[in-house]
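Undergrad: Here it is: the structure, laid out below.
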Amino acid sequence: MPPADANNGLLGARAQAMKKPSAASSSEGRKAAATELAIAALSFLAGEEERLARFLALTGLGPQSLRAAAREPGFLRGVLDYVAGDESLLLAFANETGIDPVDVERARGALVERPGDTGAA
């Protein structure tokens, strides 16, 4: 695992990519950056037992089912929704990762499931 400073730099670069259309003009690039931010948010929640316990209680998930749930479409968006819904949690996450809290909202928007995104004709 990279040192915390390296991870913060990577998240900061991804957050910048979501802000600048020239750096990530494709929806795929924005979605990849948003996915990375959501995974960081999940890691943040898992990093403190009390935060994780509250998340699991509110979602109805158990520790054993968390991995399986994480593979489900929309789960990562739900993680960001959860973090964004609690201002103190959002600010703690932003502070720990060195991102702007607004980046969480941008990431939520990038992870919205839209009809036609499946590639089906």
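Read the figures in this text as sums done on the coordinates, not as results from a lab. All of these numbers come straight from a predicted model, not from anything done at the bench. Virtual Cβ from ideal backbone geometry, glycine too; neighbours counted across all protein chains shown.
Undergrad: Run the Debye formula on the Cα coordinates of region 34-87, all scatterers equal and no solvent, and tell me log10 I(q)/I(0) at q = 0.24, 0.26 1/Å.
TA: Log-scaled intensity ratios, in q order: -0.98, -1.17.
Undergrad: Report the extension gain between D86 and E48 in nm, rounded to one decimal, defined as 0.36 nm multiplied by the number of residues separating them, less their alpha carbon distance. Spell out each step's value before the answer.
TA: Numbers: separation 38, 0.36 × 38 = 13.68 nm, distance 1.58 nm.
The span from D86 to E48 would gain 12.1 nm if fully extended.
Undergrad: Using the per-residue mean of other Cβ atoms lying within 10 Å as a proxy for protection, in what order, highest first, do the peptides 93-100, 65-72, 37-44 fall?
TA: Values: 93-100: 17.1, 65-72: 12.0, 37-44: 20.9.
So the peptides 93-100, 65-72, 37-44, ranked by packing, come out 37-44, 93-100, 65-72.
Undergrad: I want to check the label-to-label distance for A32 and L58. Put each point 7 Å from Cα in the C-beta direction and report it in nm to one decimal.
TA: Each label point lies 7 Å from its Cα, and together they span 3.1 nm.
Undergrad: Now for a different question. Where does the charge balance sit around L45 when Lys and Arg score +1, Asp and Glu -1, over other residues with C-beta under 13 Å from its C-beta? Let's see the in-between values first.
TA: Details: positive: R51, R54; negative: E48, E49, E50, D81, D86, E96.
Neighbour charge sum, excluding L45 itself: -4.
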